[in-house]
Amino acid sequence: MSSLSIHKEQLSLEREKTETQLMLCFFFNLKAMSSTDHEEVTLPFHHHPLSCGTFESYTFRSILSIPKLRNGIYNCYHCKECSLTFHKEWADSFFSQQFICNHVLKIFRRAKTPLVDSTDDHFCHFCRSKLKLKHFRCTICNISVGRECVKDPPPLTIYQPKHHKHSLTLLLRLVTFTCNACGVEDDRNPYVCLECNLMVHKYCIEKLPRVISINRHDHRINHTFHLGQGEGDKECGVCRKKINWAYGGYECSRCPSYAVHSRCATRREVWDGLELEDVPEEEEEIEDPFKVVNEKGDIVHFCHEEHVLRLDENYVTDNVNMRCRCCVLAIDGDPCYRCLECDFILHEKCANLPRKMRHLLHNHKLSLEVSFTRFRRSDNFFYTCIACQTHTDGFIYACHDGLCRYLVKSIKYDVRCSSVSEPFHHDLHQHPLYFTLQSSRQCQACGTKIDHDPLSCTVCDDYSLCMRCTTLPRKVKHRCDDHFLSLCQGSSVNDSGDLWCDICETKTDPSVCYYTCDECGLSLHIDCVLGDLYYLKLGIPEPDVEICPNNEATRPLCSGCKVRCKNPFFIRSTEEEPASHACSIDCS
């Protein structure tokens, strides 16, 4: 065997020995004792007298994989009160050393009646993980320590010159402090700088990035230990709560009034996880969505390059098939670009949507897509927006950065959700709404539970809207009424008695939003007016199917639920003769 191999083997043996000594040997059940008497000793690592002698065991458990000795005889320390047994040689070797607090740790076994003071909360003082049945404790410092933190204790000093010019020292005690890096109050183990009067978390000094980009701001933001008192009170750009300027956070060098809490800025919903310090900032050139081709303002849009589009300031049509190809909403007198040679049409605001954008719903940049491969399930064709859960075949914003490229079916938003910005003003509420990242909220418009991405009011603590209700059309046309229907919530002063939906002929709950006609007094359910096909293109044949308006005198018979279709639109199969019909995606 070569000298190099011998040296590697010795290093491996030393490493295994060190790891073994740093752990609590092993705990096991006794089978029998030898006939010799055992001397009782009192040692600093346990709070009960221990019997010292040889023992025989038949089962044992250890944290490390320790080979069993020959004939199962061990030199051990044994505690009759706690039923703990320690290998003598390893225990003497380990507990001859002192912990980082300069005290010898004691070993406890948690019982029904606690053996330690009531101040022990059964969690590790350092990592806050729940303690095992057998654990360590420093009775002088009055702290409990888990096995992992005994094996790998926190460093006594940390020197991170990029974050702070001085070394920071661990203050090993229970003390209430506010972290100068993140502004969060805590009650143990700060790292302190006496020269600068700083107290920070270990995580904050080691893990907080210096320069980042977030989806709430157009510029990079930088971390600082002291935001400084500017003009007026600073408000966090994420949670919209006040920021204590005396502590740390993230600020923008270009926008003096913009600041974000450290914990808010580094949430995975906000930050893409990239540290940008020492990375040169380069402005990405994003291609314009269209080009102006003449003095009349005609354009060629990237989604319809074969023809020229012209702006119509007030286009009104009774053709139900005339929908915006981008958002798939009706053209109801809104400014729009119309093709001079075909029936292609875009809302003016949809034509101006950027090719790439940062949005509050995702932590990467999103790209506008027009031509994409449709997700087909059986005979259905659609994409489901992950924000509002509605089905669409219009334009979408998709993410293709990093791991999101492998989640093609998931990271897609329709343009209606992608157009929501802060502050958002909704007709149903008097205050502006924000994406404050609050979870498990209830939508005040439909009453459903919101698992993620609610829009919340910072004035009314209990008011939130889900993305589906946020993006509902404010006015719609339906064949049951000649007037526009408007979105409404709550009973009108002119209402008397119960409200009834004229489509499904059941009661309408005024506590949730519904559509109404101010002139005729109708009250219609949202689902009855829109259905689940409202955001799919009409009159444009897809492979095997076509979305058609349900405005004929005789409603078609649904091949799925076997009843007459009462939804405003239905799916017609074009490959069968006679054609089959479905009143919803569930029936198709």
So who's got an amide H within less than 5 Å of the one on Lys106, skipping anything under 5 residues away but keeping other chains? H placed 1.01 Å off N, in plane. Arg137, Cys138, Thr139
Run the 1.4 Å probe and let me know the accessible area of Val104, rounded to the nearest 10 Å². 40 Å²
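Could you give the C-alpha radius of gyration of the stretch 160-247 expressed as a fraction of 2.2 N^0.38 Å, taking N as the number of residues it contains? Before the final figure, lay out each step's value.
Working: Rg = 13.9 Å, N = 88, 2.2 N^0.38 = 12.1 Å.
The reported ratio for this selection is 1.15.
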When the Karplus curve 6.51 cos²θ - 1.76 cosθ + 1.60 is applied with θ = phi - 60°, which whole-Hz ³J(HN,Hα) does each residue of the stretch 521-533 get, with x for Gly and Pro? x, 6, 9, 10, 4, 4, 5, 5, 7, 9, x, 9, 10
Quick one: which residues, 5 or more positions from Val238 or on another chain, have an amide H under 5 Å from its amide H? H modelled 1.01 Å from N in the peptide plane, none for Pro or chain starts. His261
Give, rounded to the nearest 20 debye, the magnitude of the charge dipole that the stretch 157-206 has about its Cα centre when Lys and Arg contribute +1 at Cβ and Asp and Glu contribute -1 at Cβ. 160 debye
J(HN,Hα) series, the stretch 330-347, from Karplus relation 6.51 cos²θ - 1.76 cosθ + 1.60, nearest Hz, glycine and proline x: 5, 8, 10, x, 7, x, 8, 9, 10, 6, 7, 10, 9, 8, 5, 8, 9, 4
J(HN,Hα) series, the stretch 141-152, from Karplus relation 6.51 cos²θ - 1.76 cosθ + 1.60, nearest Hz, glycine and proline x: 7, 6, 10, 9, 10, x, 4, 5, 6, 6, 5, 10
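Per-residue counts of other Cβ atoms within 10 Å, averaged by peptide: what ranking do you get for 511-523, 475-487, highest first? Walk me through the numbers on the way to the answer.
Details: 511-523: 18.1, 475-487: 16.4.
Result, highest mean first: 511-523, 475-487.
So what's the projected area for the stretch 157-206, the Cα convex hull averaged over all directions, in nm²?
Details: hull surface 12.0 nm².
For the stretch 157-206, averaging the hull's shadow over all directions gives 3.0 nm².
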Report, by chain and number, residues whose modeled amide H sits under 5 Å from the one on Val420, excluding near sequence neighbours (fewer than 5 apart, same chain). none
If you look at just the Cα atoms of the stretch 209-266, how large are its Rg and its Dmax in Å? 9.9, 27
For a quick protection proxy, order the peptides 548-556, 123-131, 246-254 by their average other-Cβ count within 10 Å, most packed first. 246-254, 123-131, 548-556
Starting with the highest mean, order 206-215, 529-538, 162-171, 273-282 by the number of other Cβ atoms within 10 Å, averaged over the residues of each peptide. 529-538, 206-215, 162-171, 273-282
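The values are calculated or read from the model by the stated rules, or taken from the named source; none is laboratory data. Computed from a predicted structure; not experimentally measured. We place every Cβ from the backbone using ideal geometry, glycine too, and count neighbours over all the protein chains shown. Remember, those area values only see protein heavy atoms, side chains included, never the ligands or the DNA or RNA. Shrake-Rupley method; radii C 1.70, N 1.55, O 1.52, S 1.80 Å.
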